[in-house]
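Just below is one structure, and these are the notes that go with it.
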Amino acid sequence: MTTVPQGNMGKPRLGLSDGLMAVFRACSRDPTEAIKTRLSGMLNVFLQHLKDNEGNEKTKELAEKCCREAVIWYYRILENLVCHERNRQGVGGISGILENHLFQRCLVACCLEITVTSKHLPYGFPVLLQIFKLAPYHFWKVIEPVLRDGAGLHPSLFSHFAQVEQRVLESMAWTSDSPLWEEIRANEGHLPTCQQVTPPAHLEDPIRTDSQPGLSAGTDQQPSAVNTPERSSSLQLFARKVYMLMGKRLRELCSMLDISDELRLKIWTCFEHSLVHCIHLTIDRHLDQLLMCAIYIIARITRVDIPFKHIMKCYKSQPHTSNIVCKNTLISGRVAENPLIERNNNGDHSSAIPTPDTPSAHYPGPSQEERGNLIVFYNQVYSTKMKHFAKQFVPTSGGDTPPLSPYPRLWKASPRSYRLSSSHSIFISPFNTETSPPRTPGLCYYFNSSPSERLREINNMIKTGWSPNRRRYAMSLDTEDEGAEGEDGPSAKRLRLDDQSAWQRRLRTVVNDRATNRNQGQTCPVAKPNLH
């Protein structure tokens, strides 16, 4: 369940805050009316859709409650975004957010997605995109800012939006009418390479590619136009996330198929080549389809016996996959032949938005397309486009093999902090003695290890107030629990971020213990967190 963001007085903020209104008035064009009109209009469209398609009065009442809470989320997150941009770019950077009609529509849809998902209404992603006629690629762009500035979001929503992002990266952004193609055309018709968008520290072996032209660090050599094409920041971020996701999936498949690291790098190089130089293969298809084809063609070229059916069997055994990816693949179609033709890709689609179960749903009509299983696609389409490149890896070819593309490092993200209140910068995060940095001075409290005086100090600062520029407060949990070892061995003792009920119970216990001590005359003030 989502937590409704709280205002300074602990009550839900039902409209524009004084601070946000002051920011709007300071703009060259006051956006207040435009923002209110857009917000109410979109919510009315949503409610009208339910009225036309849902006869259940209880569902309608729940939808109206979702809209009211979405308004609260919208203004709260918008204020955080505006403050973030003002600190980053100054006052001039605010208009880029407030006057971007498409971004604002996606932000409203994202806030409604928060409440609809929390209340389990069957009108979440991608149905909301159909209702508002928004492209998945545009919607994807607001997910990260919302998660960054959405103080009070329930941890389950972070997992939900991570799944939404994966669906966009793997298939939904690659439909023929996606606005992604506009940015690819502006990038000379190519997706950026993995090395162009990934920091060296996030690559498995960045030293490997230092000798490549235009990429050696610390030299005066100017990069070539081929290696540094013009690209938008959103396309760069999109490509980076695509490579990180697909690199993780290839690593998992190679582990299941007992494929060596050397062969994995060749497969990765082939897969990246298909995205960068044979971009038409991605149109109205699922990237997992190209990944499995890359595994098979390189294994066959290098004389490693891996049947295609075995590749698909291993793929289907993974939790994120769907059988339809292997059974329903675009073979040929008028749209798929030329994905870079000019279109009006403004994100307003009248047709249905595809899902992972139907990754290739945008076509002129059944008579203009041919579909089949993945093996048919490989034989008739993929191998004809990729065999010339793949043959360079033949062991007895005698020629130079292409340089291996750098591989995304298996990167473990830091555990996400949980913000207790939007009115105070107090965060709670798991503390792991093996992975967490050394404890630094400041107002941090570690349960079961920090002295009670530290809590008094933090509580006094909360009472007296503090400058936003001061160090934020973090309350961390010790990892070791007193429970018995489980099936995971000693690691089962550690408190994990995804076990929200466990650490919430711990917090309640600590709060209750402090309250008991106060009742017994042992004063130890502490701000009770909002645990709901």
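Values in this text are rule-based calculations from the coordinates and carry no lab data. The structure presented is a predicted model; accordingly, all values stated were derived computationally and were not measured. Glycine also receives a Cβ, built like all others from the backbone with ideal geometry; neighbour counts cover every protein chain displayed.
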Pairs beyond 32 Å (Cα-Cα), from K58/K313; K58/K133; K119/K241; K133/K313: K58/K313; K133/K313
Added length on full extension, which subtracts the Cα-Cα distance from 0.36 nm per residue, E457 to S156: 105.2 nm
Calculated FRET value between H280 and R86, using beta carbons and R₀ = 56 Å, to 0.05: 0.85
Two-site FRET efficiency, S383 against E144, from Cβ-Cβ distance with R₀ of 35 Å, rounded to 0.05: 0.40
In segment 251-322, the trypsin sites (Lys or Arg not before Pro) that fall in loop regions by DSSP, at most 16 other Cβ within 10 Å: R303
Förster-model FRET efficiency, 41 Å R0, R300 and N100, C-beta, rounded to 0.05: 0.30
Over segment 18-154, volume per residue of the alpha carbon convex hull, in Å³: 105
Neighbour-count ranking [beta-carbon atoms within 10 angstrom, fewest first] of D18, D288: D18, D288
Inter-site label distance for K313 and S332 at 7 Å from Cα along Cβ, in nm: 3.2
Three-way shape call for segment 264-310 based on the alpha-carbon gyration tensor, with the a/c threshold at 1.5: oblate
Ranked list, fewest to most other Cβ atoms within 10 Å of each Cβ, for T401, T269, T175: T401, T269, T175
Extension reserve of the Q163-T32 stretch, reckoned as 0.36 nm per residue once the Cα distance is removed: 43.8 nm
